[in-house]
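First up is the structure itself, then whatever we jot down about it.
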Amino acid sequence: MSDPLLDFTSVAFVFLIGEALEWLILKRDEAGWHFRFGEAEGYSNLNPVISTVKVALILFVLILVVSAFALPQVFSYVLAWIATTKDWYLISLLSITFSFLWIWHHVAGKDWNWLQAVLALISAVLLLFYIGANIVT
């Protein structure tokens, strides 16, 4: 019988990877959503604007539909991999803290403040502890 927290962790880890990739590819400013790359200084029209609805649709398709339905075996592989690592519960905590940061700063478009910095620091520390626990044998 599988551990529910371990199941949650495997799904949250795949979602975490999707969030991080989306953060790397898209940015949001006062004009709306843009691809992070492809911008030329002085030529703002070269950077295509994406509406929030399109971004939400892209995120829904990429993260939820593809992950849950098109690649169900991914979860079993991720689950098996995570189960073999030490302190895998840190991935659950990392997924939660990074998700709050991602929604607060990137999706909602709020400026950086000290609470977001704390979430970023906690996420980084959790990742470092997880990596450290699994590198040192």
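Every number in this text was worked out from the coordinates using simple rules, so none of it is lab data. Just so it is clear, the model here is predicted, and its values are computed rather than measured. Cβ: placed from backbone, ideal geometry, glycine included. Neighbour counts: every protein chain shown.
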request  = May I ask you to sort Tyr89, Tyr130 by Cβ crowding, counting other Cβ atoms within 10 Å and putting the fewest first?
outcome  = Tyr89, Tyr130
task = Order by neighbour count: Thr85, Thr9, Thr97, fewest other Cβ atoms within 10 Å first, most last.
result = Thr85, Thr97, Thr9
remark   = Sorted by chain and number, the residues with a modelled amide H under 5 Å from that of Asp87, at a separation of 5 or more or across chains, are none
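Sort Ser76, Ser99, Ser123, Ser10 so the one with the fewest other Cβ atoms within 10 Å of its own Cβ comes first. Can you show the working numbers first?
Working: Ser76 10, Ser99 17, Ser123 21, Ser10 24.
Ascending Cβ contact count within 10 Å gives the list Ser76, Ser99, Ser123, Ser10.
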key: Counted charge near Trp88, where neighbours are those whose Cβ lies closer than 12 Å (Asp, Glu -1; Lys, Arg +1)   = -2
